[in-house]
Every structure is written in structure tokens, then in C-alpha cells.
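What follows is a set of notes on a single structure, which appears directly below.
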Amino acid sequence: VFSKIFSHEALESYLPKIQLVIKDTLRAWSSNPEPINVYHEAQKLTFRMAIRVLLGFRIPDEELGRLFEVYQQFVENVFSLPVDLPFSGYRRGIRARETLQKGLEKAIQEKLQNTQGKDYADALDILIESGKEHGKELTMQELKDGTLELIFAAYATTASASTSLIMQLLKHPRVLEKLREELRSKGILHNGCICEGSLRLDNINGLFYLDCVIKEVLRLFTPISGGYRTVLQTFELDGFQIPKGWSVMYSIRDTHDTAPVFKDVDVFDPERFGQGRSEDKDGRFHYLPFGGGVRTCLGKHLAKLFLKALAIELASTSRFELATRTFPKITLVPVVHPVDGLKVKFFGLDSNQNEILTETDAMLGATV
């Protein structure tokens with residue numbers, strides 16, 4: 001049922017809405033006279049994307065802000081000890097979840113009653129229709145659970161990867177300039193503006209260097225550390241027997257760090273995924289930011305599309321620089337993110353300024 005939400009046709013319909021949310025967000029960042037906390041703002045961005053694009057909810061901005069605060073409280077307590085005592089993280093998480101579900105139920109009911117004025121089928125529409133096709137009319141509780149799961153899946157990991165992307169573009173201005181060159185060569189960026197109608201799904205998928213950049217961000221800064229699986233049959237690994245029925249955890253981060261296929265694992269090098277090299281092709285499970293096998297992440301194509309759309313807007317319509325003396329340290333829990341959130345100053349950019357951005361100008365972005 002969920003697979004249709006991430007089909008090629010579905011992604012094509014989401015793309016214009018994703019672009020609009022990203023444009024509005026970058027405009028707000030640029031109008032802020034103070035540096036922004038990128039990680040916190042990226043969380044707001046991915047939450048807004050989930051609510052507005054995936055779910056198609058028409059929630060007023062003020063109410064959306066309150067819902068975001070409640071959602072953050074829910075997420076912060078997801079991994080708390082399951083001890084239901086007053087003032088415990090578990091109790092706060094449960095209360096936040098109850099509040100969220102009330103808000104989501106209201107939004108779902110309004111959506112079901114108001115079907116006019118829609119110009120695309122969002123993920124919730126597809127979920128409801130796909131359920132009917134499979135002979136299953138989803139209950140309100142199932143819709144609320146599915147809605148919350150979609151928000152959760154689109155939220156923390158995508159915010160983490162978005163923050164890592166911005167940090168790497170700041171650290172490597174030549175990469176940013178090469179992205180601009182590719183956009184110009186493909187007829188997407190012209191005279192400092194994104195050409196109208198040029199950002200279709202097939203066009204974005206044809207941006208080879210952009211794909212390499214996103215792959216390298218996800219290799220070096222995989223948002224989550226690993227995943228869990230149940231052993232279906234007893235097997236042996238390096239002399240150790242793993243019994244059937246055990247739960248095992250595979251480590252994505254350690255795999256990327258230790259797989260012999262990757263050269264200079266600590267270096268940010270998008271070219272490693274280029275046509276002249278085969279570092280991601282020499283082993284089936286050497287590169288697995290979205291997991292692997294039949295349980296690979298269903299939403300991986302949506303996540304990559306969002307990151308590519310963000311990178312295109314950053315390279316085309318934004319100028320930004322680090323607002324601290326040094327780049328922050330990275331913490332790995334619960335998802336990869338800078339310790340201080342990454343403080344960055346964004347600037348408004350008119351078309352003339354954008355067009356004359358050169359490699360030298362781009363290098364100013366990393367000035368300390």
C-alpha cells in the first residue's frame with residue numbers, strides 16, 4: 001500500500017510543491033538579519049514539507065508552528081525508557097503523541113470533507129485509494145498512524161542530510177561552483193535564474209554530478225547508524241555462529257568507514273561516484289545509506305529528490321556563509337548533526353548578483 005506513495009508518478013506530482021516549500025524557506029532564511037541554526041530550521045523545513053506536500057494539510061502557519069513544537073517533544077522522547085511515571089520522558093512522549101493525533105485527526109477530517117481545489121494527489125490521497133484497491137478501507141486510527149509514520153520518516157533523517165549538505169557546500173566551494181556549471185550546461189540555470197519548466201523529475205535525475213554530491217553526503221554523513229534484522233536461518237560470520245531467531249544490528253556507518261572499496265574514507269569526494277571510478281559498484285552492500293535487501297527504505301527516492309531540489313536552489317538562488325570561527329563538531333546521536341546546529345548567515349540575492357557568482361565568489365562562502 002505504501003509503495004505507491006513513492007512511485008515515479010507520485011514523485012513527479014510532489015516535485016513542484018517541494019520546490020515551493022524550499023523556495024519559501026530559503027527566502028525566509030535570507031530575510032533573517034541574524035544567522036540561522038541550520039539543523040533546527042531544516043527540521044522545520046522537512047516537517048513543513050511532510051505536512052504541506054505529503055499529506056496535503058491546509059493548516060494555518062500559526063497552528064503549524066504549535067504542531068511542530070509538539071512533534072519535537074514527541075521525537076525527543078521516542079527513545080526514552082518505557083517507564084510510565086509522572087514527569088518522565090516516556091509520559092511526556094505519550095502526551096505529545098496524543099496531542100499530535102488529535103491535531104492530525106482534525107486535519108484528516110477537514111481534508112476528507114474538502115476535496116475541491118486540489119491539483120495533485122498527495123501521499124495521503126494515494127494511501128487511502130491504494131487501501132481501497134487492496135480491499136481495505138483504512139480506519140481513522142490507521143490513517144492517523146500512517147500519517148504520523150510518514151511525518152516521522154520524512155523528518156529527522158532528511159533534516160540531518162540537509163544540514164550535512166549545506167555544511168559540505170560551505171566547506172567545498174569548488175563543489176558548489178561545479179554544481180552551478182552543471183545546471184548551466186543543462187539549461188536549468190540561465191542569467192541567474194532557474195529556467196521556467198526546467199526542473200522536471202527526468203531533468204533532475206539527469207544531473208549526474210548533483211547525484212554524485214548527494215551520494216557522497218549520504219556516504220560520509222549517513223543520518224542513522226544502522227538497522228535491525230531478524231536472523232531467518234543460522235549462519236556463521238568470521239568464525240562466530242549467529243543462531244536463527246536472534247535480532248542483529250548491521251552498522252551503516254561502520255560499513256562505509258571500513259569497506260575496502262572506498263579510498264580515503266574521511267575525504268569528501270563526490271568524484272568517487274563518477275563514471276571513471278567504481279567505488280560504489282564493487283560490492284552489493286558496501287554502500288547502503290538507505291539499508292539494503294527487500295527491507296531497503298521505501299522513501300529513499302523521495303529523500304534524494306528533496307536533497308537534490310534543495311541543492312539546486314542553494315546553488316542557483318542563494319549566497320550563504322559560515323557565521324562562526326570554525327565548523328562545529330558532529331554528534332552522531334540520535335541522527336548525525338552539528339553540535340551547535342551549524343550557524344549560517346544567508347543573504348538575499350538578485351538575479352544580477354547570482355549570474356556573476358564565480359568560483360572566487362563561491363569561496364567567500366567558506367571565509368572564517
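The values are calculated or read from the model by the stated rules, or taken from the named source; none is laboratory data. Since the model is a prediction, treat every value here as computed from it, not as a measurement. Every residue, glycine as well, gets a Cβ built from its backbone with ideal geometry; the counts of neighbours run over all protein chains shown. Note: areas computed on protein heavy atoms with side chains; ligands, DNA, RNA excluded. Shrake-Rupley method; radii C 1.70, N 1.55, O 1.52, S 1.80 Å.
State whether the residues of the stretch 233-250 include one that is under 21 Å from the mean Cα position of the chain (by Cα) and either in contact (Cβ under 8 Å) with a residue 24 or more places away in the chain or exposed (fewer than 11 other Cβ atoms within 10 Å of the Cβ) (or both).
Among the residues of the stretch 233-250, not one is under 21 Å from the mean Cα position of the chain (by Cα) and either in contact (Cβ under 8 Å) with a residue 24 or more places away in the chain or exposed (fewer than 11 other Cβ atoms within 10 Å of the Cβ) (or both), which makes the answer no.
Working carefully through the options Asp340, Asp361, find the one that is acidic (Asp, Glu) and either in a strand (DSSP E or B) or modelled with pLDDT of 50 or more (or both).
Asp340
Does Gly274 meet the test of being of a type in the set (Gly, Ala, Ser), open to solvent by less than 20 Å² (accessible area, probe 1.4 Å) and either closer than 30 Å to Arg229 by Cα or in contact with a Ser or Thr (Cβ under 8 Å, 6 or more places away or on another chain) (or both)?
Here the answer is no, as Gly274 does not meet what is asked.
Under 9 Å between Cβ atoms, at least 6 apart or on separate chains: pull out the pairs that start in the stretch 95-123 with a residue that is over 15 Å from Ala50 (Cβ atoms) and end on any residue that is among the aromatic types (Phe, Trp, Tyr) and part of a loop (DSSP other than H, G, I, E, B).
Glu110/Phe57
Out of Ala96, Ala107, Ala153, report the one residue that is open to solvent by 60 Å² or more (accessible area, probe 1.4 Å) and part of a helix (DSSP H, G or I).
Step by step, each of Ala96, Ala107, Ala153 is checked, and only Ala153 is open to solvent by 60 Å² or more (accessible area, probe 1.4 Å) and part of a helix (DSSP H, G or I).
Within the stretch 288-299, identify whether any single residue is aromatic (Phe, Trp, Tyr), open to solvent by less than 50 Å² (accessible area, probe 1.4 Å) and in a helix (DSSP H, G or I), and answer yes or no.
Scanning the stretch 288-299 turns up no residue that is aromatic (Phe, Trp, Tyr), open to solvent by less than 50 Å² (accessible area, probe 1.4 Å) and in a helix (DSSP H, G or I).
Which one of these does Val267 not meet: (1) out of contact with any Phe, Trp or Tyr (no Cβ under 9 Å at 6 or more places or on another chain); (2) in a helix (DSSP H, G or I); (3) open to solvent by 50 Å² or more (accessible area, probe 1.4 Å)?
(2)
Hey, can you tell me all the residues within the stretch 210-226 that are open to solvent by 10 Å² or more (accessible area, probe 1.4 Å) and either farther than 23 Å from Ala259 by Cβ or of a type in the set (Lys, Arg) (or both)?
Scanning the stretch 210-226 gives a single hit, Lys215.
For (1) of a type outside the set (Phe, Trp, Tyr); (2) within 22 Å of the chain's Cα centre (by Cα); (3) more than 30 Å from Ser316 (Cα to Cα), each residue gets a yes or a no:
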{"position": "Val75", "(1), (2), (3)": "yes, yes, yes"}
{"position": "Gly93", "(1), (2), (3)": "yes, no, yes"}
{"position": "Glu105", "(1), (2), (3)": "yes, no, yes"}
{"position": "Asp122", "(1), (2), (3)": "yes, yes, no"}
{"position": "Glu133", "(1), (2), (3)": "yes, no, yes"}
{"position": "Tyr155", "(1), (2), (3)": "no, yes, no"}
{"position": "Ala159", "(1), (2), (3)": "yes, yes, no"}
{"position": "Gln168", "(1), (2), (3)": "yes, yes, no"}
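Being among the hydrophobic types (A, V, I, L, M, F, W, C) and touching a His at 6+ places or on another chain (Cβ under 8 Å): is that true of Ile312 here?
So Ile312 fails the test.
Across the stretch 53-93, which residue is surrounded by the most Cβ atoms within 10 Å (Cβ to Cβ) among those that are of a type in the set (Gly, Ala, Ser) and part of a loop (DSSP other than H, G, I, E, B)? Reasoning before the result, please.
Within the stretch 53-93, the first condition is being of a type in the set (Gly, Ala, Ser), and the residues that meet it are 56, 65, 80, 88-89, 93.
Keeping just the survivors that are part of a loop (DSSP other than H, G, I, E, B) gives 56, 80, 88.
On the way: Gly56: 17, Ser80: 14, Ser88: 15.
Checked the stretch 53-93; the qualifying residue surrounded by the most Cβ atoms within 10 Å (Cβ to Cβ) is Gly56.
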